[in-house]
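The values are calculated or read from the model by the stated rules, or taken from the named source; none is laboratory data. Since we're looking at a predicted model, the values are computed, not measured. Here Cβ is always computed from backbone atoms with ideal geometry, including for glycine, and neighbour counts include all displayed protein chains. Just so you know, the surface numbers come from the protein's heavy atoms only, side chains and all, with ligands and any DNA or RNA stripped out. Shrake-Rupley method; radii C 1.70, N 1.55, O 1.52, S 1.80 Å.
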Amino acid sequence: MPFDFSFVESRFGYILPSCEGLMHLSPGSIRNNLSTSTRSVVHMARSYGPYFDPEYETLSIRINPPRVSVDNASCKDCTLVKVDSINKPGILLEVVQILSDLDLVITKAYISSDGGWFMDVFHVTDQHGNKVTDNNTIGHIEKALGPEGYTSGILKTRPGRKVGENSMGDYTTIELIGRDRPGLLSEISAVLANLHFNVAAAEVWTHNGRIACVLYINDNCSSLDEDEESRLCVMEEQLNNILRGREDDESGAHATFSVGSIHVDRRLHQMFFADRDYEGGCLEMEIEYPPNSKPDVRIESCVEKGYSVVSVSCKDRAKLMFDIVCTLTDMQYAVFHATISSDGPSASQEYFIRHMDGCTLESEAEKEKVVKCIEAAIRRRISEGFSFELCTKDRVGLLSEVTRVLRENGLSVTRAGVTTIGEKAKNFFYVRDASGNPVEMKTIERLREEIGQTMMLNVKKVPTSAKEPETGGLAKTSFFLGGLLEKFRT
């Protein structure tokens, strides 16, 4: 009987004879009719093992897609964001990350992810305490937390720091960690400016005498020239020399290039955790935090349910829940239940956790480490004293000039951020004096007199104690700064 050359496409992308045709062939005929490509498939299967469909990872999500609702009717004071989906490791952090990146304030939350299903309710407001009514924001929440967000990778790739299309181009990510000292950020930015690299986005944190930075830089040249690689090598060498400082400094300071998309805030927490900043050790640079900002972290056992209960009480602030959940997740703990509540200036959070291997926290050493790590995560984002905000046209050397003026006036940067949208750069700096103390008003006035009065710079004073008056959390003062900011325009 003649061979029926009906063909079907295999999952490997090769063409194989149909089963109907193979039924009428002898073993020898089958071997003769197998193409070279088919033999390759057999060889691949034997050599490399079974084939796994890449879409299998999202199969459960497609069968049971997450349900997201943004409810503005049930509560008069806030917006309810409800998320129901299949449970998976790290899902709580992903959800909180999306809400935090939108600058939403989580006033209450109820978390339950026991039994394979994830059910959360978040009470959120905008930065002014109002409901979330912006259609673009609501649409982004529904898209990012819905089926499309889980299957398209939105949750994994959102960097959490804006870089405009015009200034982003091809950028390089640099991570820096080392011992902090007055003027260090000025030295770092001067190296970049001298090598004609522009800082398109950045986040800088300091804690326990250590500094961690994530910088997005791009080339000032119109195209990537041949000497860019050599300039990157020079930049890496110079940054490492600056971070190490003294020759006898063995604190693990280094500058490295990062590959792939990262979430900046989470990466900074990971860098500090790897640096073991929670152990302290650099007391001469450590800031004395006011009593009202000292977190109270306790760990108890819930024997009947098989959980360890982490209770946190501290002063409420933006992204507090993100920082705590991020720390627990990166320490390989899973959150099964949680309740979050903010009562005025105070926050109370309770997490029912187990290690990823299913064990609870048994030893006192493990409990002590978790307590220290959560306390460190909370304090990394606490900034006291004055903050400066400026918005101007972006250009190479902008960050270098701003930090140089702050350094020359005896101010040390404790936290900073750079955001670029289009051709506009928005920078903020939290500062203290070189000894780590709050900046005196006479220093601010001297800075104002020195620079001039032609461009607006927003200055905010963060209260250092609960007794000081607050206006929306910040007592604001503003003045005109000229000279320096005038030349930023050009």
Item to check | Those residues of region 103-128 which are surrounded by fewer than 16 Cβ atoms within 10 Å (Cβ to Cβ) and within 16 Å of Gly146 (Cα to Cα), in sequence order | outcome: Trp117
Checklist entry - Taking region 403-418 on its own, how many of its residues are over 17 Å from Ile211 (Cβ atoms) and open to solvent by less than 20 Å² (accessible area, probe 1.4 Å)? => result 2
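A quick yes/no check of all residues on (1) at pLDDT 95 or above; (2) outside any helix (DSSP H, G or I); (3) open to solvent by less than 20 Å² (accessible area, probe 1.4 Å); (4) closer than 25 Å to Cys373 by Cα:
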| position | (1), (2), (3), (4) |
| --- | --- |
| Val204 | yes, yes, yes, yes |
| Leu224 | no, yes, no, no |
| Arg231 | no, no, no, no |
| Ile242 | no, no, no, no |
| Glu247 | no, yes, no, no |
| Ser251 | no, yes, no, yes |
| Phe257 | no, yes, no, no |
| Leu268 | yes, no, yes, yes |
Checklist entry - In region 71-81, which residues are assigned to a loop (DSSP other than H, G, I, E, B) and of a type in the set (A, V, I, L, M)? => result Ala73
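If we only count strands (runs of 3 or more DSSP E) wholly inside region 284-400, which ones have 3 or more residues that are under 23 Å from Ile91 (Cα atoms) and at pLDDT 95 or above? Spell out how you get there, then give the answer.
Numbers: elements: 296-302, 307-315, 333-343, 346-355, 385-393.
Of the strands (runs of 3 or more DSSP E) lying wholly inside region 284-400, those with at least 3 residues that are under 23 Å from Ile91 (Cα atoms) and at pLDDT 95 or above span 307-315, 333-343, 346-355.
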Next on the checklist: Condition first: more than 17 Å from Arg298 (Cβ to Cβ) and without any contact (Cβ under 8 Å) to a residue 12 or more places away in the chain. Now tell me which residues in region 358-381 satisfy that.
Outcome noted: Gly358, Cys359
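Taking Ile177 as the residue in question, decide whether it is modelled with pLDDT of 95 or more, more than 30 Å from Ser346 (Cα to Cα) and either open to solvent by 60 Å² or more (accessible area, probe 1.4 Å) or in contact with an Asp or Glu (Cβ under 7 Å, 6 or more places away or on another chain) (or both). Don't jump to the end; show me each part of the working.
Details: modelled with pLDDT of 95 or more: yes; more than 30 Å from Ser346 (Cα to Cα): yes; either open to solvent by 60 Å² or more (accessible area, probe 1.4 Å) or in contact with an Asp or Glu (Cβ under 7 Å, 6 or more places away or on another chain) (or both): yes.
It is true that Ile177 is modelled with pLDDT of 95 or more, more than 30 Å from Ser346 (Cα to Cα) and either open to solvent by 60 Å² or more (accessible area, probe 1.4 Å) or in contact with an Asp or Glu (Cβ under 7 Å, 6 or more places away or on another chain) (or both).
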